[in-house]
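Below: one structure, written as structure tokens.
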There are 2 protein chains.
Amino acid sequence: MSTSEKAGSGAPAQGGAGTGGSAQGNRKAPAARSAAGRKGSARGKAATDGPAMGQATAEGSAIGEAVAHDSAIGDRKAAPSGPAGGVSRRRLFGVAGAAGAVGLVGGGAAGAAATAAGHHDPVALTTVGSAHIPFEGARQAGIVQPAQARGHLVAFDLAPGADRRAAAALLRRWSDAVRSMTRADRPAAPAAYDDQVAYDAGPASLTVTFGFGRSFFGRTGLGSALPEALAPLPDFPGDHLDRTRSDGDLWVQIGADDALVAFHALRVLQKAARDTAAVRWQMNGFSRTPGATAHPMTGRNLMGQIDGTNNPKPTDPDFESRVFVPAHGSPAWMAGGSYAVVRRIRMLLDDWDHLPVARQEQVIGRRKSDGAPLSGGTETTPVDLAKFRPDGSLAIAGDAHIRVAAPASNSGAAMLRRSFSYHDGIGADGVPDAGLLFVAWQADPMRGFVPVQRKLDGADGLSRFLRHEASGLFAVPGGAGPGEYVGQRLLEG
Amino acid sequence: MSTSEKAGSGAPAQGGAGTGGSAQGNRKAPAARSAAGRKGSARGKAATDGPAMGQATAEGSAIGEAVAHDSAIGDRKAAPSGPAGGVSRRRLFGVAGAAGAVGLVGGGAAGAAATAAGHHDPVALTTVGSAHIPFEGARQAGIVQPAQARGHLVAFDLAPGADRRAAAALLRRWSDAVRSMTRADRPAAPAAYDDQVAYDAGPASLTVTFGFGRSFFGRTGLGSALPEALAPLPDFPGDHLDRTRSDGDLWVQIGADDALVAFHALRVLQKAARDTAAVRWQMNGFSRTPGATAHPMTGRNLMGQIDGTNNPKPTDPDFESRVFVPAHGSPAWMAGGSYAVVRRIRMLLDDWDHLPVARQEQVIGRRKSDGAPLSGGTETTPVDLAKFRPDGSLAIAGDAHIRVAAPASNSGAAMLRRSFSYHDGIGADGVPDAGLLFVAWQADPMRGFVPVQRKLDGADGLSRFLRHEASGLFAVPGGAGPGEYVGQRLLEG
């Protein structure tokens with residue numbers, strides 16, 4: 001993934017576009033690699049953001065559109081041999097599968113022409129399995145990459161008597177297991193804890209991200225290393241929190257584009273924790289499957305709303321400082337890390353679905369079909385909060401979600417949201433237990449989630465269709481280098 | 001897949017290979033179409049079984065390997081210019097899309113050239129979303145096609161007072177909704193009940209299959225139409241059934257290769273049932289994602305075992321008579337239908353994972369890594385139940401699962417298993433609530449599930465690692481033609 005990393009550019013250290021559509025960094029998928037190479041890697045808003053993004057474009061789009069899992073989408077800057085004209089190449093590439101297909105179907109000269117032109121070949125289906133995201137790096141994986149098709153969130157509590165040494169050994173076992181499971185050439189022979197559920201598949205863009213809850217520090221005698229930013233989240237009046245599904249000593253986020261690969265990783269990590277830590281809670285989520293749409297776009301949540309448009313983008317000058325703890329930040333062991341706010345947000349879908357679409361759009365502030373703000377333009381047009389309609393009313397209502405959540409309404413506070421949808425069935429009352437496994441990343445929750453949620457809780461027209469049922473805040477340290485394990489600087493500091 | 005259907009061959013009427021890797025029948029995915037045409041059949045065991053399977057190779061492998069979702073599949077014998085024999089009516093309307101698609105590929109010189117040269121071109125990632133499986137046909141979809149990456153099972157009970165007329169109107173609404181949602185050119189404008197969750201994606205091989213439970217007939221005054229085969233399943237001594245998650249007036253099976261597409265379908269059907277029927281129970285499942293492995297092979301279950309090898313194959317002479325009610329069967333309204341046995345089978349994974357792999361293999365009777373029977377050979381080698389090892393012991397143990405379940409041990413009884421895995425989280429005790437949403441199809445449960453389960457329950461070494469927690473038996477009528485709805489012959493008979 002080093003190709004999309006530019007020294008000093010502010011691009012994140014972990015490669016971002018390896019999931020789904022792009023297979024950069026994958027030694028086992030020559031077809032996909034070449035397709036990605038020709039097209040640049042690509043997803044989401046490449047054409048829009050392209051000119052400013054340089055080499056990091058692929059990541060920018062990947063992150064900006066955190067749940068877009070579409071197919072191969074080119075970027076004019078990233079295409080080595082493309083005409084960088086005014087035509088949106090994204091339009092061509094956005095339907096790259098179709099374009100390539102036409103060439104192939106036409107066969108003969110048409111196919112050859114398409115190949116020579118170089119940017120029409122579709123990304124191969126098999127890249128879903130062979131794509132890999134490196135475990136090692138300055139950042140942990142699973143923050144800037146798009147959310148995978150399947151996600152597991154799980155919190156562990158240390159077993160009675162498990163001390164700092166035991167925790168260090170656990171993080172070592174976990175890191176080694178993840179290092180192995182995320183390799184492009186996953187070992188064919190079963191490793192320790194391996195139930196062979198994913199024996200023939202993957203890594204399918206598997207990422208595993210580790211974090212520490214506030215309670216971890218007291219239990220391991222590391223109170224002096226407790227980050228100030230890990231102060232308990234305030235109580236929000238609208239919360240309906242189930243404490244048994246909140247918090248935890250350790251937090252693990254698993255994502256993969258195959259449910260068996262993700263389940264396998266979950267079980268391997270659970271078994272590796274035996275005698276040291278026990279599962280406190282565990283939740284399952286999903287987002288769009290790679291290739292499920294030919295349209296390059298931000299994903300939708302279970303309200304049907306396009307969700308993630310206004311996420312910070314790596315090309316934003318302050319992206320790094322918003323999302324990651326700086327290299328010389330405090331505490332030192334959190335350098336390159338981030339803080340994850342995790343909320344299980346149930347959507348009251350029956351109530352929501354009873355609203356006419358026009359009313360839903362007013363609640364959100366965006367058009368449902370394409371995500372364009374009601375102040376005009378397309379999905380990516382900046383929201384004009386000051387715009388009035390001819391009748392004198394605000395185009396974006398006073399309690400519209402995007403107004404209340406906007407950085408401009410919150411002293412600039414922002415966070416990188418990378419959520420999964422969840423659906424735990426339909427209850428005996430006919431109501432789906434479904435919504436968002438909200439995961440938000442920031443360098444400091446007091447400049448991210450906390451002020452925004454304070455504002456949303458009550459003032460947001462959307463809030464009466466949501467119920468926050470679980471909550472957690474975790475300190476996610478930087479990534480591990482070769483031979484290291486995640487958290488080593490804390491546990492051996 | 002009309003082209004893989006041979007008049008009188010016993011091949012099923014619904015195209016089988018359209019899911020995931022193959023995009024036959026998809027008017028919007030020329031890339032996949034051409035790739036499929038060029039690659040010849042490639043899913044599952046096509047290479048192994050090909051010579052014996054003739055035109056039905058693609059389907060045979062797809063079904064025999066029910067959860068194989070690997071790459072490109074076409075059937076080189078299935079080219080329309082080939083000696084396809086008589087064209088049946090159901091080919092024309094049931095799977096017309098498939099014929100058109102293959103025709104385009106194989107029809108011209110370009111197609112022929114590609115067939116000769118192009119074995120290595122990958123199927124496009126975008127086919128995941130664009131692949132569609134026709135709703136209309138002599139059979140309902142979702143029986144012979146491979147299980148999709150995401151599945152929902154849901155049972156409804158009729159509301160008090162809902163009569164035969166109300167049920168007919170519901171089936172009409174449901175059928176029309178599914179007809180629309182499964183179209184290759186899904187409408188861009190939202191239809192009734194549409195929450196737009198899948199607005200930009202799919203159909204992603206969506207299938208929806210409808211069935212009637214025994215209780216349906218009494219409530220609608222259709223007792224005289226109750227099939228004999230719908231007699232209550234016997235109590236099995238090993239069962240631990242939760243009656244609130246068993247049975248039901250109506251049963252719906254949803255599958256799609258994208259979780260948002262599947263969830264959307266579930267919600268559309270739930271909303272269309274409002275005031276007529278309420279959800280009785282609902283379960284979520286999954287199987288391997290298309291493209292997750294580059295190896296064409298049978299899928300694995302959550303025990304890590306390759307599962308589905310011995311399924312009946314459409315090329316078996318008795319496939320049709322085993323799985324489907326014949327055209328002149330009884331009752332007449334079930335012609336072309338099948339009976340679905342649904343079991344939520346929890347796997348006691350911690351107990352299982354404690355067994356050494358060698359012991360697990362004895363319990364199953366197959367090698368874990370590749371599914372080869374312990375009597376020798378490869379996965380598809382017929383099991384030799386009479387084989388002894390040098391030490392005089394049976395190669396396949398007396399209580400091995402594949403021995404006890406074998407048709408030879410059950411007077412020839414067999415069924416087509418098409419299950420999803422499920423995982424509903426890890427409980428407070430650290431135990432995963434996970435296993436199999438077992439769905440088995442047969443023309444008569446008394447010659448399928450019932451005798452086999454009677455044998456397994458107790459005698460099967462695997463049974464102590466399983467717990468049957470829910471159960472249902474449903475009469476699944478034949479498919480609907482243009483303008484018809486599923487169950488019309490029952491409800492208007």
For this session: Quickly work out the B:Asp318-to-B:Ala358 label distance, labels modelled 7 Å from Cα along the C-beta direction, and quote it in nm with one decimal.
Result: 3.8
For this session: Take the cross-link list A:Lys387/B:Lys271; A:Lys271/B:Lys455; A:Lys271/B:Lys368 and give me the ones stretching past 26 Å between alpha-carbons.
Result: A:Lys387/B:Lys271; A:Lys271/B:Lys455
Exercise. What is the local net charge at B:Glu228, summed over the other residues whose Cβ is closer than 13 Å to its Cβ (Lys, Arg +1; Asp, Glu -1)?
Worked result: +1
For this session: Classify segment A:339-476 as rounded, prolate or oblate from the Cα gyration tensor: take a ≥ b ≥ c as the square roots of its eigenvalues, call it rounded if a/c is under 1.5, otherwise prolate when a/b beats b/c and oblate if not.
Result: oblate
For this session: Treating cross-link reach as a plain straight distance, find the aspartates and glutamates whose alpha-carbon is under 13 Å from the alpha-carbon of A:Lys313, omitting any fewer than eight places away in the same chain.
Result: A:Asp49, A:Glu59, A:Glu65
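Please compute, for peptide B:254-262, the average count of beta-carbon atoms on other protein chains lying within 10 Å of each residue's beta-carbon. Numbers along the way, then the final one.
Working: counts 0, 0, 2, 4, 10, 13, 16, 4, 3.
Mean number of neighbouring Cβ atoms from other chains: 6.
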For this session: Would you mind listing the distances between the B:Lys387 label point and the same position in each other copy? Use 7 Å along Cα-to-C-beta, nm, one decimal, shortest first.
Result: 7.1
Exercise. Summing +1 for each Lys or Arg and -1 for each Asp or Glu, what net charge is found among the other residues whose Cβ lies under 11 Å from the Cβ of A:Arg172?
Worked result: 0
Exercise. For the peptides B:350-357, B:320-327, what is the packing order when you average, over each peptide's residues, the other Cβ atoms within 10 Å and list the highest mean first?
Worked result: B:320-327, B:350-357
Exercise. B:Pro234 label points, 7 Å along Cα→Cβ, one per copy: pairwise distances from this copy to the rest in nm, shortest first?
Worked result: 6.6
For this session: With just the Cα atoms of segment A:172-275, tell me how far they stretch along each of the three principal axes, in Å, largest first.
Result: 48, 33, 23
For this session: Sort shortest first the distances from A:Asp429 to its counterpart in every other copy, using label points 7 Å along the Cα-to-beta-carbon line, and give them in nm.
Result: 2.7
For this session: Mark the label point 7 Å from the Cα of A:Ser411 along Cα→Cβ and return the residues of segment A:459-476 whose backbone N is within less than 20 Å of it.
Result: A:459-460
Seminar exercise, completed: Averaged over the residues of A:144-153, the number of partner chain Cβ atoms within 10 Å of each residue's own Cβ comes to 2
Problem set entry | Residues A:Thr381 and A:Val431, FRET efficiency given R0 of 60 Å [Cβ-Cβ distance, rounded to 0.05] | 0.95
Problem set entry | Peptide B:267-275 - average C-beta neighbours from other chains (10 Å radius) | 2
Exercise. Taking the highest mean first, how do the peptides A:310-318, B:281-289 order by number of other beta carbon atoms within 10 angstrom per residue?
Worked result: B:281-289, A:310-318
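If you count, for each residue, the other Cβ atoms within 10 Å and average over each peptide, how do A:262-269, A:411-418, A:375-382 line up from highest to lowest? Working shown, then result.
Working: A:262-269: 26.4, A:411-418: 21.9, A:375-382: 14.4.
Final packing ranking: A:262-269, A:411-418, A:375-382.
All of the numbers you see were taken from the coordinates with simple rules; none came from a lab. Predicted, not measured: the structure shown is a model, and the values here were computed from it. Virtual Cβ from ideal backbone geometry, glycine too; neighbours counted across all protein chains shown.
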